[in-house]
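First the structure, in the form of structure tokens, and then the observations on it.
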């Protein structure tokens, strides 16, 4: 199993590599361009990406990786703790992020959590709810036979709501299901993704399926 670390702070990169080397093969790159070029040639279990690289923004590296690979878990390392930046990074395709300074043991725990999510038993390939059809293998969604393009997190939220139909899913539950971290300061990110999901899956149709349980969370009726 391999981990890709994109971090220009040599001491931090070496510390991360040291703590992971017993369980993983670790590739370390100090700039975005070199990492992108080498990323094409390998398959990784997890990507650890620093936001502040010397040659390009880590968010641009994230977008480039996601344009080629929508599956490999990706953790951002950042010194910017603003909620707006967190929303931006999650929208760009990050699965999790960790604010600097951090303890490497917490980084390991987050990496292991992402890997566990990736190795869970596969659910049935097709999920049907009324006129919605989800193909979990092809990662496609149709409503009333119309194909709807969803981003990865929107897809996972819809899948989460339908699989738990009839049950109120709190923001914490959705965050835990879709992202590996559940910090309460991230919870507005769930609302942002729900709005985007509603615009695509509900707004163009007469029946509105995604309901708000005020003060609690969201649900789809059984």
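Can you tell me which of 203, 219 is at pLDDT 90 or above and assigned to a loop (DSSP other than H, G, I, E, B)?
Result of the check over 203, 219: 203.
In this structure, is residue 65 surrounded by 11 or more Cβ atoms within 10 Å (Cβ to Cβ), modelled with pLDDT of 85 or more and outside any helix (DSSP H, G or I)?
It is false that residue 65 is surrounded by 11 or more Cβ atoms within 10 Å (Cβ to Cβ), modelled with pLDDT of 85 or more and outside any helix (DSSP H, G or I).
Has region 144-151 got at least one residue that is under 16 Å from the mean Cα position of the chain (by Cα), part of a loop (DSSP other than H, G, I, E, B) and over 22 Å from residue 44 (Cβ atoms)?
Yes; the residues of region 144-151 include at least one that is under 16 Å from the mean Cα position of the chain (by Cα), part of a loop (DSSP other than H, G, I, E, B) and over 22 Å from residue 44 (Cβ atoms).
Counting only residues that are touching a helix residue (DSSP H, G or I) at 6+ places or on another chain (Cβ under 7 Å), surrounded by fewer than 14 Cβ atoms within 10 Å (Cβ to Cβ) and at pLDDT below 90, how many does region 27-59 have?
Looking only at that region, the number is 0.
Only one of these conditions is not met by residue 105: (1) at pLDDT 90 or above; (2) in the same structural domain as residue 50 (by TED's automatic domain parsing); (3) crowded, with 16+ Cβ neighbours inside 10 Å; (4) out of contact with any helix residue (DSSP H, G or I) (no Cβ under 6 Å at 6 or more places or on another chain). Which number is it?
Of (1) at pLDDT 90 or above; (2) in the same structural domain as residue 50 (by TED's automatic domain parsing); (3) crowded, with 16+ Cβ neighbours inside 10 Å; (4) out of contact with any helix residue (DSSP H, G or I) (no Cβ under 6 Å at 6 or more places or on another chain), only one is false for residue 105: (3).
Could you look through region 1-18, keep only residues that are surrounded by 16 or more Cβ atoms within 10 Å (Cβ to Cβ) and in contact with a helix residue (DSSP H, G or I) (Cβ under 7 Å, 6 or more places away or on another chain), and pick out the one that is modelled with the lowest pLDDT?
3
Report whether or not residue 60 is within 25 Å of residue 139 (Cα to Cα) and assigned to a loop (DSSP other than H, G, I, E, B).
Considered against the rule, which asks whether it is within 25 Å of residue 139 (Cα to Cα) and assigned to a loop (DSSP other than H, G, I, E, B), residue 60 comes out as no.
For residue 14, indicate whether it is more than 30 Å from residue 190 (Cβ to Cβ), outside any helix (DSSP H, G or I), more than 19 Å from the chain's Cα centre (by Cα) and free of Cβ contacts under 8 Å to residues at least 24 places away in the same chain.
The answer is no for residue 14.
The values are calculated or read from the model by the stated rules, or taken from the named source; none is laboratory data. Remember, it's a predicted structure, so these values are computed and weren't measured experimentally. Every residue, glycine among them, receives a Cβ derived from its backbone with ideal geometry; neighbour counts consider all protein chains shown.
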